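Comments concern the structure below.
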Amino acid sequence: MKKNIIITLLILFGFNNNVFTQDMPVIETLELTNKTRIEADLLKITQTPKSRNYQNIKSLNIVANYIKSEFTKVCDSAIFQPYKANGAIYKNVIGSIGVKHKKRIIIGAHYDVCGNQQGADDNASGVVGLLELARLLSKEQLKYRIDFVAYTLEEPPFFRTKQMGSYIHANYLHTNNIPIKGMVCLEMIGYYNDKEGSQNYPIQEMAIEYGTVADFITVVQSEKSGAFGKQIELLMKQQHVIKTNSFKGSSLVAGVDYSDHLNYWNFNSPAVMITNTAFYRNKNYHTKNDTIETLDIDKMRAVIEQLYITIKDLK
């Protein structure tokens with residue numbers, strides 16, 4: 001009876017009860033990724049002369065140039081998508097593979113930070129995942145074009161405005177009637193904690209259903225994620241590389257639309273967010289304590305490898 005009440009509460013607050021309980025041992029990594037390269041990427045992205053926030057355009061450009069140089073090594077094309085915001089020029093970075101295909105999968109992560117901080121988990125971890133996925137997927141014969149997009153201006157004061165890099169990109173696709181299979185947003189994939197009580201939720205009762213140990217990755221969906229979201233969820237859960245939960249809910253629940261996938265949903269494109277749940281577990285969120293030293297590189301690698309297999313196996 002108690003469990004049924006909890007499930008009812010979750011549905012009322014916009015969540016489907018869709019927790020994943022693995023029956024097999026979880027493998028930390030399949031050794032598909034390169035740990036040394038990931039650590040080097042993290043250093044390049046986080047150790048800029050000044051924090052890579054909207055006020056420090058030089059630092060943003062240093063990171064944008066690095067991302068483009070890495071895309072250039074493995075992608076069919078690598079370009080900037082520049083645009084003007086508040087009188088200054090900011091840049092998305094786009095690397096593309098499988099350009100012969102018409103329908104696209106978008107994999108994106110923002111590279112800017114909020115305030116003066118390294119932003120290791122938020123969101124250097126997502127950008128590193130983007131780079132590593134480009135390296136891995138560029139070796140595959142896929143059924144779709146994939147655009148790897150590193151966004152600028154996801155953070156305040158631009159969040160939820162038309163000056164977000166992801167809004168610029170999503171609007172471009174919509175305006176030009178470019179067919180999209182779906183979008184995958186990488187938002188904070190580097191922080192984990194194996195202690196009881198390390199995981200929090202927007203609704204307290206969810207802890208009973210999903211547990212209080214911050215050792216999993218999450219596929220976040222809404223009703224707009226559609227069949228694409230369901231396929232990503234199922235494929236992620238089948239790999240057994242890292243424990244995977246799935247939350248499906250509305251924007252009424254704080255956090256469900258707190259990243260770049262928001263703008264694809266706004267244009268009615270299917271999208272999901274891959275996240276460690278951000279501030280619901282990582283207390284370093286938007287502080288100077290969000291450093292490389294706090295990340296679990298092996299679990300981060302496991303997320304990337306699991307997502308690589310998922311994208312590769314998409315039908």
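For the range 239-288, filtering for residues that are closer than 12 Å to D122 by Cα and without any contact (Cβ under 8 Å) to a residue 60 or more places away in the chain leaves 2.
For K299, the stated conditions hold: it is over 28 Å from I178 (Cα atoms), among the basic types (K, R) and under 15 Å from the mean Cα position of the chain (by Cα). When E31 is tested against the conditions (1) part of a loop (DSSP other than H, G, I, E, B); (2) surrounded by 13 or more Cβ atoms within 10 Å (Cβ to Cβ), the lone failure is (2). Among the residues of the range 87-129, just one is in a strand (DSSP E or B), charged (D, E, K, R) and crowded, with 24+ Cβ neighbours inside 10 Å, namely K91.
Pairing each residue of the range 203-221 that is in contact (Cβ under 8 Å) with a residue 60 or more places away in the chain with any residue that is β-branched (V, I, T) and part of a helix (DSSP H, G or I), provided the two are 6+ apart or on different chains, yields C-beta distances under 9 Å for E205/I5; E205/I6; M206/I6; I208/I6; E209/I6; E209/I7; I217/V303.
Every number in this text was worked out from the coordinates using simple rules, so none of it is lab data. Note that this is a predicted model, so its numbers are computed, not measured. Neighbour counts run over all protein chains shown; Cβ positions are idealised from the backbone, glycine included.
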